[in-house]
């Protein structure tokens, strides 16, 4: 692997000049900078990040902690555009992105402690927030640059990017009510997730405003893979008083619900009205009349990295917070 000494020898320059040229140092003539970068590209030079980290205490790496929701092979579909957005933003800012995946059985606090001990990143992106999430205080106490995707209900200032799940669920339920639906089913994700707590609040607010009775049997508490959604929605459709409206948690929950409707010969948009949150644009390719709240997860990823980079550059600055709305449209 090519190193600075080899490039310097090839160009008859000092190692210091080569190092400064690769960093666009103003003290190096532009023509020399161009010669050095051309030679570095030709020989495939890659900076030694480990050596740089030892000298500067910086790794030029950001780590995103992304728990696997389940062991289902499609359950984490929404994370793909999120990872894309984070990766591209990190690269543009001069960082590489490391994705640290965990299994559902792992303790998120112990996972975070391991990462903090390793000191392998300049900053952390934390996802899947829970109520009173203990990781926030741990990160604040350790004085580590971080940003979260999602919020928790602690009275602490910390940087985050979140989607307004309460408003999305409220708006979905309100739209279903306007379609004439009185019995409306709601898909939640993992019950302890803060996002599910917010979805439930929005649903209850809209139902109460419409004077609709909230039936706990129509509130699904599960990790909505396609199979789990199919089983749950088929069960509620078979009840003596089935729902005529459904607010889906995500695209996979939607696919399962559509399968359950098909089994019973029911048509979405006619027999049961559906509104779903869509993180991947998958819903646009389904031949069904549904409403969607579209969320640009790649943009979420970009914003997470941009906020984290600002935290790294200015650790004492005000914690930036962004709350994103879903964009509604009707399909089919």
**Report entry** Evaluated over region 117-204, the Cα radius of gyration and Dmax, each in Å
**Finding:** 16.4, 56
Query raised in the report: Can you pull the percent of Cα pairs in the chain with separation above 31 Å?
Result: 44
Report task. Springs between alpha-carbon atoms under 10 Å, Gaussian network over the chain: tell me which of 240, 268, 30 tops the mean-square fluctuations. Result -> 30
Report summary line: Largest fluctuation, 285, 149, 233 only, Gaussian network model of the chain with Cα springs under 10 angstrom, belongs to 285
Requested in this report: Determine the gain in length on full extension of the stretch residue 325-residue 107; use 0.36 nm per residue of separation and subtract their C-alpha separation, reporting nm with one decimal.
Outcome: 75.4 nm
Query - Cα-based Rg / Dmax (Å) for region 165-294 - result: 12.9, 35
Query raised in the report: Just from the alpha-carbon atoms, what are the Rg and Dmax of region 4-46 in angstroms?
Result: 8.9, 24
Query - Förster-model FRET efficiency, 56 Å R0, residue 241 and residue 29, C-beta, rounded to 0.05 - result: 0.10
Query raised in the report: Considering only DSSP beta bridges whose two residues both sit in the chain, what percent are antiparallel, to the nearest 5?
Result: 15
Report task. Sketch the reach of a paramagnetic label on residue 289 as a point 7 Å from Cα along Cα-to-Cβ, and name the residues of region 243-267 whose backbone nitrogen lies under 13 Å away. Result -> 267
Requested in this report: Go through 175-181, 163-169 and give me the packing order, highest mean Cβ count within 10 Å leading.
Outcome: 163-169, 175-181
Requested in this report: In square nanometres and to one decimal, what's the mean projected area of the convex hull around the Cα atoms of region 289-332?
Outcome: 3.3
Query - Residue of 22, 139, 246 that the Gaussian network model of the chain assigns the largest fluctuation, springs spanning Cα pairs under 10 Å - result: 22
Report summary line: Expressed in angstrom and rounded, the centroid-to-centroid distance over alpha carbons for region 264-286 and region 116-190 is 25
Report task. Quote to one decimal, in nm, the extra length available between residue 15 and residue 91 on full extension: 0.36 nm per residue of separation minus the C-alpha distance between them. Result -> 24.8 nm
Report task. Give the Cα extents of region 217-300 along the principal axes, in whole Å, largest first. Result -> 43, 25, 17
Query raised in the report: So in region 273-332, what percent of DSSP beta bridges are antiparallel if you round to the nearest 5?
Result: 55
Report task. Mind pulling up the Rg/Rh value for region 56-147? Radius of gyration and Kirkwood radius, both on Cα. Result -> 0.96
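Only the coordinates and a few stated rules stand behind these numbers; no lab work does. Small disclaimer: the values here were computed from a predicted structure and weren't measured. All Cβ positions, even for glycine, are placed from backbone atoms using ideal geometry, and neighbour counts span all protein chains on display.
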